[in-house]
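A quick write-up on the structure given underneath.
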Amino acid sequence: MIRALILLMLPLVAQAETVRVATYNTELSRKGPGLLLRDIQRDDAQVQAVVDVLVTVQPDILALQGIDWDMDGLALTALADALRAAGLDYPHLFAAQPNNGIDSGLDLDGDGRTQGPGDSQGWGLFTGHGGLAVLSRYEIAQDETQDFAPLLWSELPGAELPVVNGAPYPSAQAQAAQRLSSTGHWVVPVTTPFGHLNLMTFHATPPVFDGPEDRNGLRNRDEIRFWSLLLDGRLGPAPEGPFVIAGDANLDPGKSDGRTETIAALISDPRLQDPQPKTAEGDAATVNWKAVGELRVDYVLPSADLQVVNSGVFWPSPGDQMRETAQRASRHRVVWVDVALP
């Protein structure tokens, strides 16, 4: 009888298991190719601080921004090795080439010149500068991942591209070639203890550093709108099953200079939920920029069919030794959410 009860309870135990999904803009990008790999290999202080923060938070599935991409994945593998040595093992990795640093051959930023960082499909000093990565304790279905980085901005339904004096800015030719993603938009399927989970990740452009044409503000708007359109099935078949949107939107719903209504619309979409994670002291900010102060720009948004068990923004209290470590690592903070099937 007891054996039969245990067997009946096993599915409930499996369903109750939680998965911690986190996003973190590490700001590990360097000014040249190969420099991040060099710094990881020589135990750079910032790299070690990032490792210490992640080991403390212990995510199961981790979306990273601000990590330079290279074709052989050497920097990402080296970072995973450093994490493993510190006690946090991610046997499954994914990183596709970002739009950062892909030369367009055109003047995309309207400065009258070509071949500058702003003339790449995504701002970058070199190919792969400031890319994305996914690290996971659980198996990633590599063959089923979707990379929307090649999608042209003009092809996005409802796209609003910049116009000056009634003409496309900086030119019709530039707009015909401009991709939507400043870094990338990925759907990464992960096999978790409670089944299939789609991790949807991105890093949107800052809605500043432009002119009255609002090129970056408009692009940021449409990079965020992308997710609603994907769920609508307007960019192909909508992903099926539970999902989590995790990434850096570069937009605060209340205090940013960009189109704040866009991120407000996303986090209020009934198909997902906003756990409104906070620090232990009740602070919802996820970044602290000296010029503008604290903002909420990093998000982990589970689908409505998932149970949110817990959530938080990792930012130690003043006087805690980890506070200095977190400050050394990045201006951004780790945002995490524990999810399960209800």
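So for the range 19-340, averaging the separation of alpha carbon pairs under 8 Å that are six or more residues apart and normalising by length, what relative contact order in percent results?
Values: 770 pairs, mean separation 61.1, N = 322.
For the range 19-340, the relative contact order is 19 percent.
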In degrees rounded to 10, the 0-90 angle between helix 215-232 Cα long axis and the longest Cα principal axis of the chain is 40 degrees
Fewest-first ordering of Y138, Y24, Y90 by Cβ atoms within 10 Å yields Y138, Y90, Y24
Taking N as the number of residues in the chain, the ratio of its alpha carbon radius of gyration to 2.2 N^0.38 Å works out to 1.00
Residue separation between E324 and E17 times 0.36 nm, minus their alpha-carbon distance, gives in nm 107.3 nm
From the Cα centre of the range 219-265 to that of the range 40-107, the distance in Å is 24 Å
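Full-extension gain between A304 and Q41, please, as 0.36 nm times their residue separation minus the C-alpha to C-alpha distance.
Numbers: separation 263, 0.36 × 263 = 94.68 nm, distance 4.11 nm.
Extra length available between A304 and Q41 comes to 90.6 nm.
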Here FRET efficiency (C-beta to C-beta, V55 to Q276, R₀ 22 Å, nearest 0.05) is 0.30
Along the range 137-152, Karplus-curve 3J(HN,Hα) (6.51, -1.76, 1.60; θ = phi - 60°) to the nearest Hz, with x for Gly and Pro, reads 6, 9, 5, 9, 7, 4, 6, 9, 5, 10, 10, 9, 4, x, 4, 6
Under 18 Å by backbone N from the virtual spin label 7 Å along Cα-to-Cβ at A86, the residues of the range 24-49 are 24-30, 36-49
Karplus ³J(HN,Hα) for the range 41-47 (6.51 cos²θ - 1.76 cosθ + 1.60, θ = phi - 60°; Hz, whole; x = Gly/Pro) runs 5, 9, 6, 3, 4, 5, 4
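Find out how many positive minus negative residues lie around S330, taking Lys and Arg as positive, Asp and Glu as negative, among other residues whose Cβ is under 15 Å from that of S330.
Values: positive: R30, K290, R323, R328, R331, R333; negative: E27, D39, D44, D52, D68, D248, E294, D298, E324.
Once all neighbours under 15 Å are counted, the net charge is -3.
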Largest fluctuation, E281, E213, E324 only, Gaussian network model of the chain with Cα springs under 10 angstrom, belongs to E281
If every Lys and Arg gets +1 and every Asp and Glu gets -1 at its Cβ, then about the Cα centre the range 183-342 yields a dipole, in debye to the nearest 20, of 200 debye
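Each reported figure results from applying straightforward, stated rules to the coordinates on display, with no laboratory input. Note that the structure is predicted; figures quoted are calculated from it, not measured. With ideal geometry, Cβ positions are generated from the backbone for all residues, glycine too; neighbour counts draw on all protein chains shown.
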